[in-house]
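First the structure, in the form of structure tokens, and then the observations on it.
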Amino acid sequence: METVIQVQHLKKHFGDLQVLNDIDFEINKGEVVTIIGSSGSGKSTLLRCINLLEIPDGGNILYKGTDILSGKLPLTTYRSKVGMVFQSFNLFANKTVLENCMIGQIKVLKRSKEEAQKIAMQHLEEVGMQNFADASSTRLSGGQKQRVAIARALCMDPEVLLFDEPTSALDPEMVGDVLEVMQTLAKEGLTMAIVTHEMQFAKDVSDRVIFMDKGVIAEEGTPQQIFEKPQHQRTKQFLSRYF
Ligand code: ADP
Ligand code: MG
């Protein structure tokens, strides 16, 4: 199996707080890895380190074997390969849906306008947002914004997509639409790492589940192992809030 992302002995602190303490894990091609755990356990910091939005204090992050902290891979190239979808969508507010999906393709991938538009429309269709191509992104609902953010990330032909609580900011009736899109992407074989509090979704969609607790991976396994036979007290405690 090809490893896309390999995290080795990752460490990160903010002031006195050790937020990530010797994290080791990998994301293999075609895999869906979900990351669960209490608020403050370091899940966002882990994804942000992988996407170099935070610089780790120690350890290595390898992208297909290349150390991304070595400076050998240009940051924009790396970020197009390792896309991120945020809780807060982060769309360009003064641009249309279509423009949001085209700009990275033109600027980073150097695609022509025509090609970028064609690819953008394909991915907007994939997330059910093709009819909103000319709408201003500010006029969309949260669920629609998140689907556009996913389409925008897909336009960059990512090797892996990182999702940080993609449905946490949504009204309950919109959560299902976004999870459905993600489920389809999982079935199509997209490599994904997903931080989520949607436990039923994590159970259904994951190949592997990572439970983080206070900056360490406390337990890791298949959805069956983690959700049905958790080994650690902290995992059991955490899951008892959901099931
Ligand atoms: P999670 O996503 O699991 O809720 P985070 O990775 O966001 O956890 O945060 C882990 C801890 O690190 C929290 O205690 C948080 O307050 C702290 N933290 C996160 N980012 C920063 C920052 N930029 N500066 C200081 N502390 C931070
Ligand atoms: Mg978080």
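Taking the stretch 40-98 as the region of interest, how many residues are under 21 Å from Leu154 (Cβ atoms), within 16 Å of ligand 1 (Cβ to nearest atom) and basic (Lys, Arg)?
1
Quick one: which residue in Phe238, Phe211 is buried (at least 21 other Cβ atoms within 10 Å of the Cβ), in contact with an Asp or Glu (Cβ under 6 Å, 6 or more places away or on another chain) and either of a type outside the set (Val, Ile, Thr) or more than 22 Å from Asp22 (Cα to Cα) (or both)?
Exactly one residue qualifies, and that residue is Phe211.
Can you tell which of Asp204, Asp157 is modelled with pLDDT of 95 or more and within 30 Å of Thr76 (Cβ to Cβ)?
Asp157
For the stretch 43-65, indicate whether the set of residues that are in a helix (DSSP H, G or I) and more than 23 Å from Met182 (Cβ to Cβ) is non-empty.
The answer is no, given that none of the residues of the stretch 43-65 is in a helix (DSSP H, G or I) and more than 23 Å from Met182 (Cβ to Cβ).
Restricting the search to the stretch 189-243, which residues are touching a helix residue (DSSP H, G or I) at 6+ places or on another chain (Cβ under 6 Å) and within 16 Å of ligand 1 (Cβ to nearest atom)?
Selection gives Val195, Thr196, Val209, Phe211, Met212, Asp213, Ala218, Glu219, Tyr242.
I need the full set of residues from the stretch 143-198 which are more than 28 Å from Arg111 (Cβ to Cβ) and among the basic types (Lys, Arg), in order please.
If the condition is that a residue be more than 28 Å from Arg111 (Cβ to Cβ) and among the basic types (Lys, Arg), then no residue fits.
Among the candidates Lys81, Lys12, single out the residue that is surrounded by 15 or more Cβ atoms within 10 Å (Cβ to Cβ) and within 23 Å of Ser206 (Cβ to Cβ).
Going through Lys81, Lys12 in turn, the sole match is Lys81.
Take the residues of the stretch 1-39 that are in contact (Cβ under 8 Å) with a residue 24 or more places away in the chain and part of a loop (DSSP other than H, G, I, E, B): which is nearest to ligand 1 (Cβ to nearest atom)?
That would be Ser38.
Can you tell me how many residues within the stretch 26-43 are surrounded by fewer than 20 Cβ atoms within 10 Å (Cβ to Cβ) and within 16 Å of ligand 2 (Cβ to nearest atom)?
Residues that pass the stated criteria total 3.
Checking Phe243 against (1) modelled with pLDDT of 95 or more; (2) within 23 Å of Ser38 (Cβ to Cβ), which test does it fail?
Tallying (1) modelled with pLDDT of 95 or more; (2) within 23 Å of Ser38 (Cβ to Cβ), Phe243 fails exactly one: (1).
What do you reckon, is Met182 in contact (Cβ under 8 Å) with a residue 40 or more places away in the chain and surrounded by 15 or more Cβ atoms within 10 Å (Cβ to Cβ)?
no
Select from the stretch 135-150 the residues that are part of a helix (DSSP H, G or I) and among the hydrophobic types (A, V, I, L, M, F, W, C) and list them in ascending order.
Matches in the stretch 135-150: Val148, Ala149, Ile150.
Taking the stretch 73-99 only, how many residues are outside any loop (DSSP other than H, G, I, E, B) and under 16 Å from Asp134 (Cβ atoms)?
So the answer is 4.
Given Asp157, Asp177, Asp171, Asp164, which one is buried (at least 21 other Cβ atoms within 10 Å of the Cβ) and not hydrophobic (A, V, I, L, M, F, W, C)?
Result of the check over Asp157, Asp177, Asp171, Asp164: Asp164.
Exactly one of these conditions fails for Pro166: (1) away from ligand 2 (no atom under 16 Å from the Cβ); (2) under 16 Å from the mean Cα position of the chain (by Cα); (3) not hydrophobic (A, V, I, L, M, F, W, C). Give me its number.
The one condition Pro166 does not meet is (1).
The values are calculated or read from the model by the stated rules, or taken from the named source; none is laboratory data. These numbers were taken from a predicted model, which means no experiment stands behind them. As a convention, Cβ positions derive from the backbone with ideal geometry for all residues, glycine included, and neighbour counts pool all protein chains shown.
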